[in-house]
Amino acid sequence: MGFKGFDWDVLLRVALLLLTLSAPAIAIINGWSEALVFILPIIAYQVADLIRFVRKSQDELNQFIESVHYRDFSRFYNEQYPSARLQLLHKGFNEINSTLKSINKEKESQHLHLQKIMELVETGILSYDTESGEVVLMNDSLKKLLHLPFMKTIHHLEKRDQELYQAVQELQPGRSKIATAYTSNFEKSTLKVLLSATAFRSEGRTFKLVAFQNVSEALDETESRAWQKLLNVMTHEIMNSVAPIASLADTLKTRLHETAATGPSPHDLEDFELSVTTIKNRSVGLLRFAEVYRNLNRITKLNLADVAVKEVFANLRHLMHPTMAQKNIALEISLEDPTLRLQADKNLLDQVLINLLVNAMEAVKGQPEPAIVLSAYTSGENTFIRIADNGAGMSREVQEKIFIPFFSTRKNGTGIGLSLCKQIIMLHSGSIQVQSAEGEGTAFLLRFPPNR
């Protein structure tokens with residue numbers, strides 16, 4: 001309404017001015033030239049009044065724009081101005097001022113909160129212009145982390161720690177990496193930092209925001225736990241092989257005492273030789289396993305050989321028989337084709353099968369008639385070895401986790417046995433699957449590709 005009133009005021013003044021401007025022509029036509037003495041001052045006054053009228057509003061607007069330009073929102077415009085047409089204009093200016101002042105306070109509050117958050121977080125934050133290298137933000141945590149009280153440009157970091165500077169410069173937005181930072185307080189020290197970066201544009205400039213998180217303690221703790229688990233794993237795997245060796249050696253010792261008086265028969269000598277050979281082969285395999293486990297992540301080639309599955313099963317039966325007999329566990333071996341052979345690293349294959357048999361022995365513990373079936377067959381071009389038990393079985397949730405390193409359902413388990421089995425089978429370009437149902441037992445199926 002105010003602006004409509006302003007428009008009518010302007011139109012009225014223009015109309016009156018046009019009417020006054022036509023008066024001289026009328027006076028001249030009618031021969032009233034003397035009237036011009038009175039008409040011309042009236043015209044001059046109307047023009048001056050129109051200019052003053054428009055300029056007054058323009059001046060008010062210019063003053064308001066200047067206040068906004070210099071962010072001066074404290075100015076108050078008198079809404080009781082004598083001129084009614086400017087009262088609404090002043091009221092509008094005051095409302096705009098009030099809104100801008102509220103927005104400015106909100107931004108200042110957010111900025112203050114952000115500063116406090118930046119001071120509280122332990123993560124170092126650095127923001128800089130990617131073109132000029134000018135540092136626009138560096139929080140206290142980063143200053144303490146790097147022992148660097150001030151940094152005008154990111155290039156200053158190059159003089160202090162070239163390796164860290166290079167890592168920051170090369171880090172792509174959206175990526176993370178571990179870098180080493182060298183600090184120099186009273187004495188030089190190193191620490192591991194996790195660098196994370198993002199980028200954004202503002203006012204035509206590109207900025208890079210980098211987060212520095214000290215992960216030295218976390219890495220040290222993780223490394224310590226890894227070493228502890230490694231020791232537990234090695235103990236677990238060695239015990240899986242040493243226990244049946246010890247049991248077989250004890251049985252051999254008993255047989256030797258029994259035949260000491262009468263002397264061993266040819267059949268006894270054959271058994272003694274087979275037992276000693278089995279112990280020797282498993283010991284060699286155990287040494288090979290220790291070496292392979294230590295370098296498992298660097299293995300690129302297996303000691304592949306043409307292996308007779310029947311021979312592997314026979315050795316396993318002889319090795320595990322004393323332990324299974326002691327626990328009244330029946331071991332059934334089923335081999336469709338006695339001539340079945342496959343390409344494998346025999347020592348590692350033995351280790352996998354021993355591990356699975358030991359797990360099966362644990363699974364059937366407490367069953368009235370514990371039994372394990374070890375079988376092998378071919379399907380299509382693949383060779384399969386299956387180790388099945390009539391134990392308690394596993395839930396679907398457990399089945400999804402059993403191959404995850406360090407997951408174990410046993411109180412004293414290390415959770416690495418099945419993970420290691422999977423890695424070994426994968427090295428053979430094969431696969432391992434579990435088939436289980438609660439109350440119905442469990443079966444592990446090993447698949448080996450065609451002989452290469």
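Residue by residue, here is whether (1) polar (S, T, N, Q); (2) under 17 Å from LEU418 (Cβ atoms); (3) assigned to a loop (DSSP other than H, G, I, E, B); (4) out of contact with any strand residue (DSSP E or B) (no Cβ under 8 Å at 6 or more places or on another chain) holds:
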residue	(1), (2), (3), (4)
SER334	yes, no, no, no
LEU342	no, no, no, no
ILE354	no, yes, no, yes
LEU357	no, yes, no, no
MET361	no, yes, no, no
LYS365	no, no, yes, yes
GLY391	no, yes, yes, no
ILE402	no, yes, yes, no
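Just to be sure before I move on: is GLU362 more than 27 Å from PRO450 (Cα to Cα), open to solvent by 30 Å² or more (accessible area, probe 1.4 Å) and within 43 Å of the chain's Cα centre (by Cα) in the structure I sent?
Spelling it out, GLU362 is indeed more than 27 Å from PRO450 (Cα to Cα), open to solvent by 30 Å² or more (accessible area, probe 1.4 Å) and within 43 Å of the chain's Cα centre (by Cα).
Against the conditions (1) over 23 Å from ASP345 (Cβ atoms); (2) at pLDDT 80 or above, where does ILE279 fall short? Just the number, please.
(1)
Across the range 137-155, what is the total count of residues that are open to solvent by 70 Å² or more (accessible area, probe 1.4 Å), out of contact with any strand residue (DSSP E or B) (no Cβ under 7 Å at 6 or more places or on another chain) and not hydrophobic (A, V, I, L, M, F, W, C)?
Qualifying residue count for the region: 3.
Within the range 302-324, can one find any residue that is surrounded by 13 or more Cβ atoms within 10 Å (Cβ to Cβ) and at pLDDT below 80?
yes
Please go through the range 416-432 and give me each residue that is assigned to a loop (DSSP other than H, G, I, E, B) and surrounded by fewer than 19 Cβ atoms within 10 Å (Cβ to Cβ), ordered by number.
Passing the criteria: only SER429.
The values are calculated or read from the model by the stated rules, or taken from the named source; none is laboratory data. Just so you know, these numbers come straight off a predicted model, no measurement behind them. Glycine gets a Cβ as well: all are built from the backbone with ideal geometry, and neighbour counts include every protein chain shown. Keep in mind that these areas ignore ligands, DNA and RNA; they rest on the heavy atoms of the full protein, side chains included. Shrake-Rupley method; radii C 1.70, N 1.55, O 1.52, S 1.80 Å.
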